[in-house]
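The values are calculated or read from the model by the stated rules, or taken from the named source; none is laboratory data. Keep in mind that what you see is a predicted model, and the values were worked out from it rather than measured. Neighbour counts run over all protein chains shown; Cβ positions are idealised from the backbone, glycine included. Areas reflect the complete protein model, heavy atoms only, side chains present, ligands, DNA and RNA absent. Shrake-Rupley method; radii C 1.70, N 1.55, O 1.52, S 1.80 Å.
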Amino acid sequence: MHIVVSIKQVPDTSEVRIDPRTNTMIRSGVPSIINPDDVHALEEAIRLKEQFGGRVTVVTMGPAQARDALRETISYGADEAILCSDRRFAGADTLATSYALWKAILKIGEAEPVDLLLCGRQALDGDTGQVPPGLATRLGWPQLTSVFKIEELELSARRIVVHRAVEGGEEIVCSRLPCVITCTREINIPRYPSFPNMVRAARYQPTTWDKTDLGIDDDSQIGLRGSPTIVSKVWAPGPRKRGATVLIDGSDPEAAASQLVRLLMHEPLLEVEVASAGDKHD
Ligand SMILES: Cc1cc2nc3c(=O)[nH]c(=O)nc-3n(C[C@H](O)[C@H](O)[C@H](O)COP(=O)(O)OP(=O)(O)OC[C@H]3O[C@@H](n4cnc5c(N)ncnc54)[C@H](O)[C@@H]3O)c2cc1C
């Protein structure tokens, strides 16, 4: 079985700092981590490898410093790690990111066909959840998002059954392989790196592919040029303004209800308290 895991290196901070001149995130000097959802995707890949045999290849698109994140995946048990890095990938939105990663997954599949692509549900920083669906569309594969359990996998029948989280419940979905799965953090508890893998990771040199290695000759598909999304302004929202408090007399429920609706429609910031007949208010 050949499983590819797509990971993103993200800033290890909830205090995202944005360069006011370029509206892009300040990454240098900010400690980075593997996107938390992706650590669970990697763990799931390693468990499937232990169950079915085969290999786990990790891929990321990012700056040179993303090599550290890739080495870390080797310490968890990944077999191979590939960095897609080129200054022409800079400023990529999700569409342009999925284009470069798509080319990388095609190239990985040329060497050994891919049975499954595992991703995190969303990235800590961009938080759009758009890259995996973009990859599934470009690959022409089914996508199973927000998966918290892989119930069954039949390699010979090219079939997989998963449980995915949906609003108010769960869905059990069956799909053909290969497919794209996005994992939630509920899917497993990641292991600690093993000592032998840590030794291997310390010496490991990730393979690096630039746009030429990926066979990309159309720059209008990558980086800022390939990104229809323009981040016009990024700012941290200030603290929430507290609204005035309105007291509604609850002795006549119907009148109270229509007053409440009127207030909510026209005064959304108000804080409303309903006093029942027995309540004492000054
Ligand atoms: C604050 C902020 C807001 C942004 N808003 C937008 C926006 O609204 N629209 C937009 O198009 N772009 C946006 N971007 C840019 C966006 O972050 C990048 O395009 C990014 O590469 C992918 O999007 P994402 O972070 O939302 O990832 P998501 O789509 O949330 O990531 C989901 C999964 O896809 C995989 N993945 C994502 N990125 C990579 C990667 N580089 N390498 C390998 N695997 C990856 C991982 O498995 C990850 O768990 C924003 C960036 C920032 C920092």
Worksheet item: For Glu152 and Glu112, what does the FRET efficiency come to when R0 = 35 Å and r is the distance between their Cβ atoms, rounded to the nearest 0.05?
Response: 0.90
Worksheet item: So how much accessible area does Glu151 have, in Å² to the nearest 10, using a 1.4 Å probe?
Response: 90 Å²
Worksheet, complete the sentence: Zone reached by a paramagnetic label modelled 7 Å from Phe52 Cα along Cα→Cβ, restricted to segment 116-142 with backbone N below 17 Å, covers 116-119, 141-142
Practice prompt. Take the chain, compute every pairwise Cα distance, and split them into 10 Å bins from 0; I just need the percent in each bin.
Written response: 6, 25, 28, 17, 10, 9, 5, 1
Response to the item:
Using the Cα gyration tensor of segment 154-255, the equivalent ellipsoid's semi-axes, largest first and to the nearest Å, work out to 45, 29, 22
Worksheet item: Accessible area per residue, 1.4 Å probe, Å², for segment 2-221: what's the number?
Response: 47 Å²
Worksheet item: In what sequence, highest mean first, do 217-226, 84-93 appear when ranked by Cβ atoms within 10 angstrom?
Response: 84-93, 217-226
Worksheet item: When the helix-only estimate is applied to the chain (DSSP H runs of n ≥ 4, each -39,500 (n - 2.57), divided by the residue count), what is the mean residue ellipticity at 222 nm, nearest 500 deg cm²/dmol?
Response: -9000 deg cm²/dmol
Practice prompt. Please calculate the 1.4 Å probe accessible area of Ile172, with all protein chains present, and give it to the nearest 10 Å².
Written response: 110 Å²
Worksheet item: What is the antiparallel percent of DSSP beta bridges lying wholly in the chain, to the nearest 5?
Response: 40 percent
Item to complete: Report the FRET efficiency, 1/(1 + (r/R0)^6), for Ala64 and Met265, where r is their Cβ-Cβ distance and R0 is 35 Å, rounded to 0.05.
Response: 0.05
Worksheet item: Binning every alpha carbon pair distance of segment 102-188 at 5 Å from zero, what are the percents per bin?
Response: 3, 14, 24, 25, 20, 11, 3, 1, 0
Worksheet, complete the sentence: Using a 1.4 Å probe on heavy atoms of the protein chains only, the accessible area for Arg159 in Å², nearest 10, reads 80 Å²
